[in-house]
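Everything below concerns the one structure shown next.
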Amino acid sequence: MHYGYTPRRISPRQAQSLMQQKCIILDVRSPQEYSTGHIPGAVCLPENEIHTRASRILPDKNALILVYCKGGSRSKKAADALAAMGYTNVYDFGGINSWPYEIEQH
C-alpha cells in the first residue's frame, strides 16, 4: 500500500535545525558501521531490516524521523520504504560522510 507521501531530501544543515525538535534520528547503516561513529542520539536500524523491525522501533507513524546512512543511497531507500509503510513525517538527509557536525562513537 502506498500512501502518496514522498520523503523529502534535506541538507545536513536543515536536518540539524530539525533536530532541535522532538525527533528520531535513524541511522540505517549496519551495527558495525554505526559503532565506528554516529550522530549523537541516533537509533541504528539497518536499511535491510526496515520492513521487519520498523513497527517495533518506530511505533509512531507521525513522528518526525530523520534518516541517514553512509553516502545517501540506503537512506533514500529506507525513507521511501518507511513512507510506503505509512510513516508521514520522514526526511532523508543523506550520508554521514557529508555531516559536518558532531559524531560520537561507542
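The values are calculated or read from the model by the stated rules, or taken from the named source; none is laboratory data. What you see is a predicted model, and the numbers here were worked out from it, not measured in a lab. As a convention, Cβ positions derive from the backbone with ideal geometry for all residues, glycine included, and neighbour counts pool all protein chains shown. Note: accessible area is taken over every heavy atom of the protein model, side chains too, but ligands, DNA and RNA are not part of it. Shrake-Rupley method; radii C 1.70, N 1.55, O 1.52, S 1.80 Å.
Could you state the accessible area per residue of the chain in Å², with a 1.4 Å probe and every protein chain left in place?
55 Å²
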From the helices alone, meaning DSSP H stretches of at least four residues, give me the mean residue ellipticity at 222 nm for the chain, per-run term -39500 (n - 2.57), in deg cm²/dmol to the nearest 500. -8000 deg cm²/dmol
Interatomic Cα distance distribution for the range 6-74, bins of 10 angstrom, percent: 19, 56, 25, 0
With charges set only on the Cβ (+1 for Lys and Arg, -1 for Asp and Glu), what does the dipole of the range 52-105 come to about its Cα centre, in debye to the nearest 20? 280 debye
The simple spin-label model distance between THR6 and TYR101, using points 7 Å out along Cα→Cβ, in nm, is 2.6 nm
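Determine the percent antiparallel among the DSSP beta bridges restricted to the range 4-106, to the nearest 5.
10 percent
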Under unit Cβ charges (Lys, Arg +1; Asp, Glu -1), what dipole magnitude, rounded to 20 debye, does the chain have relative to its Cα centre? 240 debye
